[in-house]
1. Any residue in region 54-73 that's in a strand (DSSP E or B): show its pairings with residues that are at pLDDT below 90 and open to solvent by 60 Å² or more (accessible area, probe 1.4 Å) at Cβ separation under 8 Å, as long as the two are six or more apart or on different chains.
2. Take the residues in region 74-89 that are exposed (fewer than 15 other Cβ atoms within 10 Å of the Cβ) and without any contact (Cβ under 8 Å) to a residue 60 or more places away in the chain; name whichever of them is farthest from D17 (Cα to Cα).
3. If I ask for residues that are surrounded by 14 or more Cβ atoms within 10 Å (Cβ to Cβ) and either in contact (Cβ under 8 Å) with a residue 40 or more places away in the chain or hydroxyl-bearing (S, T, Y) (or both), which ones from region 12-31 would you list?
4. Restricting attention to region 75-90, and to residues there that are within 14 Å of the chain's Cα centre (by Cα) and aliphatic (A, V, I, L, M), which single residue is farthest from S15 (Cα to Cα)?
5. Would you please list the contacts, defined by Cβ atoms under 8 Å and residues six or more apart or on different chains, that run from a residue in region 34-48 that is among the charged types (D, E, K, R) to a residue that is part of a loop (DSSP other than H, G, I, E, B)?
6. For the structure I just gave you, tell me whether E51 is open to solvent by 40 Å² or more (accessible area, probe 1.4 Å), farther than 16 Å from V18 by Cα, out of contact with any Cys (no Cβ under 9 Å at 6 or more places or on another chain) and outside any helix (DSSP H, G or I).
7. Residue check, E5 against (1) out of contact with any helix residue (DSSP H, G or I) (no Cβ under 9 Å at 6 or more places or on another chain); (2) more than 14 Å from L99 (Cα to Cα); (3) touching a residue at least 12 places away in the same chain (Cβ under 8 Å), all met but one. Which one?
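The values are calculated or read from the model by the stated rules, or taken from the named source; none is laboratory data. Here the structure is a predicted model, which means the values were calculated and not measured. Note that we place each Cβ from the backbone using ideal geometry, even for glycine, and neighbour counts take in every protein chain shown. Quick note on the areas: whole protein, heavy atoms, side chains included, nothing else; ligands and nucleic acids left out. Shrake-Rupley method; radii C 1.70, N 1.55, O 1.52, S 1.80 Å.
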Amino acid sequence: MTLRERYADYLAEFSEDVTKQITDHLVNDGFGNLQNFGFTEDEQGVWAEVEISLTGEVVGRWGSDLYTRRNLVIWRNDGPVDDAPFGASLLGVAVMEDLATCGRRP
């Protein structure tokens, strides 16, 4: 049994929470659209992968019209890194901080 199969309920909850959070932020901030969200599994564990099609001024600041981020959400031997709502929130905040601050000087 794969980790994705073993933790299917966790990943479904995580996916629902993070896609809603990121989509809401993207709509409110006008940064673009969630193009893809999914999970991959390798020897370290299960990774959440986000792809966003960027629009507006963030494209110039980011230097590309595509943003990607990959976070480990389930360790191979230890299980989930965080509970699903908290882990989804961490990923969502990290994505929005990346997009809000990219290319800006303090």
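1. What qualifies is L54/W62.
2. N77
3. Taking region 12-31 and keeping what is surrounded by 14 or more Cβ atoms within 10 Å (Cβ to Cβ), we get 13-15, 17-19, 21-23, 25-26, 31.
Within region 12-31, E13, F14, S15, D17, V18, T19, Q21, I22, T23, H25, F31 meet the criteria.
4. In this case the residue turns out to be L90.
5. E41/T2; E43/R76
6. Details: open to solvent by 40 Å² or more (accessible area, probe 1.4 Å): yes; farther than 16 Å from V18 by Cα: no; out of contact with any Cys (no Cβ under 9 Å at 6 or more places or on another chain): yes; outside any helix (DSSP H, G or I): yes.
Criteria not met by E51.
7. Result: E5 fails condition (3) only.
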